[in-house]
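The numbers here are math on the coordinates, done by the rules we state, and not lab data. The structure presented is a predicted model; accordingly, all values stated were derived computationally and were not measured. When we count neighbours, we look across all protein chains shown, and the Cβ atoms used for this are built from the backbone with ideal geometry, even at glycine.
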Amino acid sequence: MSEAKGKLALYWAASCGGCEIAVLGIEDRILQVAEKFDIVFWPCVMDLKVRDIERMEDGAIDVCLFNGGVRTSEQEYMARLLRSKSKVLVAFGSCAHEGCIPGLANLHDRDEIFRTVYRDSPSLANPKNDVEPQPETEVPEGTLRLPLFYDTLKTLDQTVKVDYYLPGCPPEADRIWDALVAIIEGQLPAPGSVIGAASAVCDECSRTRNEKKIRAFKRTWETIPDADTCLLEQGIVCCGIATRAGCGALCPQVNSPCLGCYGANEGVEDFGARMMTALASVIDSEDPEEIEAIIRDGIPDPIGTFYRFSLARSKLRRGKRRALASEVGS
């Protein structure tokens, strides 16, 4: 008698959808997944309904890969529903793990976002600047309803309990496969763990590293870096020093700095704070005014540089958003 298949669900919340495509990056190995699991929910690919999940017993789904942050009431409902129906819930990708690019909107509140998009946008026909999405709108056919757009984007684990994290924007195909194999073979680490490497991107990078002493930071468009020397030593802000390994240092391989999409390395609570500390230690000056000029001229967007992927999960989150916005504009 053949072994009963497990049940697998995938869901897409506040994210770009790249994680959905990344799953297919495992190529023909997905056939091995199909041998072990029946996919019971994957709205991006299959015509399955929310009511089908609602009718399931709690814990009926063996594994759910949930990508995206929680920005709306619908996404919160789905996060809670899939949590109750799943034995194992995985925060899949940077948006679910840390908030990622959508989390940068936490610099502003809901009203500011709506004003920018619906009132101040030159590409939107809103002559009186008085039309914004409403939770309910009455039309001749009945009541149209939209999910509530929350003031704050939250990570998945700020909404429900998460069992494991698989970082990346998106996760690399080999890391997705490693996670699926661990699930299939019952070799998962302790609950709450990040599935993957514990070292830093620098450990996977083949570039030559020497003692770092930096007199100026350069934007990527301002220079053509040497292909063999550490990018940070060349004055390019490369986040590999603070970023969890697992990607194979793909960006530095093609002369592009690591942006930090795999999140903070093991034991680091705040990615941005770790990066700022690392850069402060390599600036070759002890003159406060010169140091300030090096940072101001070379890192004009500190939030986008240090919290590009992790603002929603960081110690800052949004309580200091006014100060942060002022910092970005300075």
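Roughly how many Å is it from the Cα centre of the range 1-32 to that of the range 38-64, as a whole number?
Distance between centres, Cα-based: 12 Å.
GNM, the chain, Cα, under 10 Å: largest mean-square fluctuation among P133, P302, P167?
In the Gaussian network model the winner is P133.
Using the Karplus curve 6.51 cos²θ - 1.76 cosθ + 1.60 with θ = phi - 60°, what ³J(HN,Hα) values do you get for each residue of the range 74-87, in whole Hz, with x for Gly and Pro?
Working through the residues one at a time gives 5, 5, 5, 4, 5, 4, 6, 5, 5, 5, 6, 8, 10, 5 Hz.
How far apart, in nanometres, would the label points at L24 and D284 be if each is projected 7 angstrom from Cα along the Cα-to-Cβ direction?
4.9
Just P171, P225, P122 to compare: in a GNM of the chain, with alpha carbon springs under 10 Å, which one fluctuates most?
Largest GNM mean-square fluctuation: P122.
Straight distance only, please: which lysines reach the Cα of K49 with their own Cα at less than 16 Å, same-chain residues fewer than 8 apart left out?
Reachable lysines: K7, K85.
With charges only on Cβ, +1 for K and R and -1 for D and E, what is the dipole size of the range 201-299 about its Cα centre, in debye, rounded to 20?
The calculation lands at about 340 debye.
Could you size up the charge dipole of the range 1-112 around its Cα centre, putting +1 on the beta carbon of Lys and Arg and -1 on that of Asp and Glu, and report it in debye to the nearest 20?
Here the size comes out at about 260 debye.
Most mobile of T305, T72, T143 per a Gaussian network model of the chain (Cα springs, under 10 Å)?
In the Gaussian network model the winner is T143.
Considering every pair of different Cα atoms, what Kirkwood radius, in Å, is found for the chain?
Result for the chain, one decimal place: 21.7 Å.
With unit charges on the beta carbons (Lys and Arg positive, Asp and Glu negative) and the dipole taken about the Cα centre of the range 201-299, which residue among V254, T243, T220 sits farthest to the positive side?
V254
In which sequence would V162, V70 go, from the one with the fewest C-beta neighbours within 10 Å to the one with the most?
V162, V70
If I model a spin label at V139 and T72 as a point 7 Å from the Cα along the Cα→Cβ vector, what separation in nanometres do I get?
1.5
Quick one: angle between helix 288-298 and the longest Cα principal axis of the chain, in degrees between 0 and 90, rounded to 10, please.
Once rounded, one gets 50 degrees.
Figure the gain on full extension for K161 and K49 (residue separation times 0.36 nm, minus the Cα-Cα span) and round it to one decimal in nm.
The K161-K49 span can extend by a further 38.0 nm.
Counting each pair of different Cα atoms once, what's the Kirkwood radius of the range 201-299 in Å, rounded to one decimal?
Roughly 13.8 Å, rounded to one decimal.
Would you mind ranking I294, I39, I241 by Cβ crowding within 10 Å, fewest neighbours first?
Details: I294 20, I39 16, I241 23.
Arranged by neighbour count, lowest to highest, I294, I39, I241 become I39, I294, I241.
I'd like the Kirkwood hydrodynamic radius of the range 30-175, using the inverse of the mean 1/r over distinct C-alpha pairs, in Å.
17.5
Give me the dipole magnitude in Debye, nearest 20, for the chain about the Cα centre, with unit charges on the beta carbon: positive for Lys and Arg, negative for Asp and Glu.
Approximately 520 debye in magnitude.
Between D109 and I291, what is the FRET efficiency for a Förster distance of 45 Å, r being their Cβ-Cβ separation, to the nearest 0.05? Walk me through the intermediate numbers first.
Details: r = 33 Å, r/R0 = 0.74.
Step by step, r from the Cβ atoms, then E = 0.85.
Could you work out the relative contact order of the range 138-205, using alpha carbon pairs under 8 angstrom and six or more residues apart, expressed as a whole percent?
Reported as a whole number, the value is 31 percent.
Cut-off is 10 Å between beta-carbons; in what order do Y164, Y262 appear when sorted fewest neighbours first?
Working: Y164 23, Y262 31.
Lowest count first: Y164, Y262.
Around E233, what is the net charge, scoring Lys/Arg as +1 and Asp/Glu as -1 over all other residues with Cβ under 12 Å from its Cβ?
+2
With point charges of +1 on the Cβ of Lys and Arg and -1 on the Cβ of Asp and Glu, referenced to the Cα centre of the chain, which listed residue (H108, P122, T229) lies farthest in the positive direction of the dipole?
It is H108.
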